[in-house]
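Undergrad: Pasting in a structure now, in structure tokens, and then I'll have a few things to ask.
The values are calculated or read from the model by the stated rules, or taken from the named source; none is laboratory data. Just so it is clear, the model here is predicted, and its values are computed rather than measured. Here the Cβ positions follow ideal geometry from the backbone for every residue, glycine too, while neighbour counts run over all protein chains shown.
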Amino acid sequence: MKISQKGLYALQAMMMLGRHYQQGAIRIRDVAYEENLPEKFLELILLELKNARIVESVRGAKGGYQLRRPPAEIKLSEIIRLIDGPLAPFGDAEQLRELIDRDAEHRALYQVFLDVRNAAARILENTTLADIVGAEPRRGKRQRNKKHQSALLPMIVNGPRGRDDE
């Protein structure tokens, strides 16, 4: 499954807001600093999340962004669908079902793709922000290891490397 850099940033920002739930609004600058995200790009992401009524903005000296609902009520699938579109790594489910019905010769292959899509969707639909916030112990501001990050992110953002896409 491919998640865009924008989707990854959205999830990271939402995790930070989830960790600070019920502590008031958090300034964009603080989210960007703590999560090591580009501030201007984060502004656009948070605006999109606000328009979808997942977060809300607070004006004034203590202003910023906060979750609109408890972290336990926000599913990862909701965030990913908003930012990156359908969860399907192989096209949407309806498209796969049509291929299964139409292409008898490759029906088994498309069924496997549909099963993978359904499994990924089920995991993301059953995992809340609270689930992943509670699973990660925080030890102060995270320092990114550029070497480790570059090895991991291509798998998330661009898919696995080293294979020919024929």
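Undergrad: Keeping to region 23-40, report how many residues are assigned to a helix (DSSP H, G or I) and exposed (fewer than 14 other Cβ atoms within 10 Å of the Cβ).
TA: Count: 4.
Undergrad: Go through (1) without any contact (Cβ under 8 Å) to a residue 12 or more places away in the chain; (2) surrounded by 16 or more Cβ atoms within 10 Å (Cβ to Cβ); (3) not acidic (Asp, Glu) for Gly18 and report which single condition fails.
TA: Here Gly18 meets the rest and fails (1).
Undergrad: Does Gln12 qualify as being surrounded by fewer than 19 Cβ atoms within 10 Å (Cβ to Cβ) and over 15 Å from the mean Cα position of the chain (by Cα)?
TA: No; evaluated as a whole, the condition is false for this residue.
Undergrad: What residue, among those in region 73-121 that are touching a strand residue (DSSP E or B) at 6+ places or on another chain (Cβ under 7 Å) and modelled with pLDDT under 90, is surrounded by the most Cβ atoms within 10 Å (Cβ to Cβ)?
TA: Looking at the filtered set, the residue picked out is Arg117.
Undergrad: Sort through Arg69, Arg138 and tell me the only one that's at pLDDT 90 or above and part of a loop (DSSP other than H, G, I, E, B).
TA: Arg69
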